[in-house]
1. Mind checking whether some residue in segment 198-217 is surrounded by 11 or more Cβ atoms within 10 Å (Cβ to Cβ) and under 24 Å from residue 94 (Cα atoms)?
2. Being in a loop (DSSP other than H, G, I, E, B) and either modelled with pLDDT of 80 or more or under 11 Å from residue 123 (Cα atoms) (or both) is the filter here, so list the residues in segment 147-165 that pass it.
3. Quick check, is residue 168 within 23 Å of residue 96 (Cα to Cα), surrounded by 18 or more Cβ atoms within 10 Å (Cβ to Cβ) and modelled with pLDDT of 85 or more?
4. What residue, of 59, 83, is farther than 29 Å from residue 189 by Cβ and either loosely packed, with under 10 Cβ neighbours inside 10 Å or in the same structural domain as residue 220 (by TED's automatic domain parsing) (or both)?
5. Here is a check on your reading of the model: is residue 76 touching a helix residue (DSSP H, G or I) at 6+ places or on another chain (Cβ under 8 Å) and either modelled with pLDDT of 80 or more or within 30 Å of residue 168 (Cα to Cα) (or both)?
6. Across segment 187-206, what is the number of residues that are touching a residue at least 12 places away in the same chain (Cβ under 8 Å) and in a helix (DSSP H, G or I)?
C-alpha cells in the first residue's frame, strides 16, 4: 500500500478510503495482512483518481467500475459538467457578493461618494402617519420579489409628505424610480431601534440644510447584507444628492 501510494502521489488513507467504498480491491492480502497490488489495480486506481479530479461522485465512480462503457461515461460526464457549471456560478456569485461587501465594511461613517445611477422598483408603500406593518411588508416582498433573496438585497426608503415608499434595485416592477448618478453625502449609522433612526435622520437633515445646496430628498438605504454581520443592529445609509445652487 505504501509503494502504491508513493507511485500515485497520494496518501495511504486515500487508498484505504477507496477500498472501503468498494472502488478498489487489492490483488491479494497476504498472511501478514499486507495488501498487494498489480498493474490492474494501478490502472484501476488511475481511473478512480481521474474521475475524482473531474468531480464525479463516489456513487457514480462505483457504477463506472462495474459498468465501463462509452455511453455511460458520456452521460455521467455530461451530468458532472452540468453540476460543475452550477457550482462555478455559485462560487462566482459568492465572489461578487464578497467584493461588494468588503467596501461596505471599509467605508467611512461619513463621506462624500460618487454613486452611479440606480434603477429601483417599488415593492411596498405605507402612510407616513402609520407604523410599518411587518407581516404585510414581507408578503409584498414574497409576491413582488420572488427572484430576490430577502437579506441579499438593500432596501431604499423614499419619504414624501404623505407616505413612505420602499424600493429595491432592479426593474422587475412597473412602479420604478431612478436615482441619478452624482455626488452624494453619505452617512452610515448602526441602529437598534426606530427611535435611533429617527434621531439620526433629524441630525442628518440639519447637516444638509445648507443655503448653497439645491433642495433634495434624503434617501434611506438599509444595507441588509451588511447588517447580518452585526448582532442586533441594522446598518442604514443616509444619502443626500449634492447639487450646488447656480
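1. no
2. 154, 162
3. yes
4. 59
5. Criteria met by residue 76.
6. 5
The values are calculated or read from the model by the stated rules, or taken from the named source; none is laboratory data. Just so we're clear, the structure is a prediction, and the values are computed from it rather than from any experiment. Positions of Cβ are generated from backbone atoms using ideal geometry, with glycine treated the same way; all protein chains shown enter the neighbour counts.
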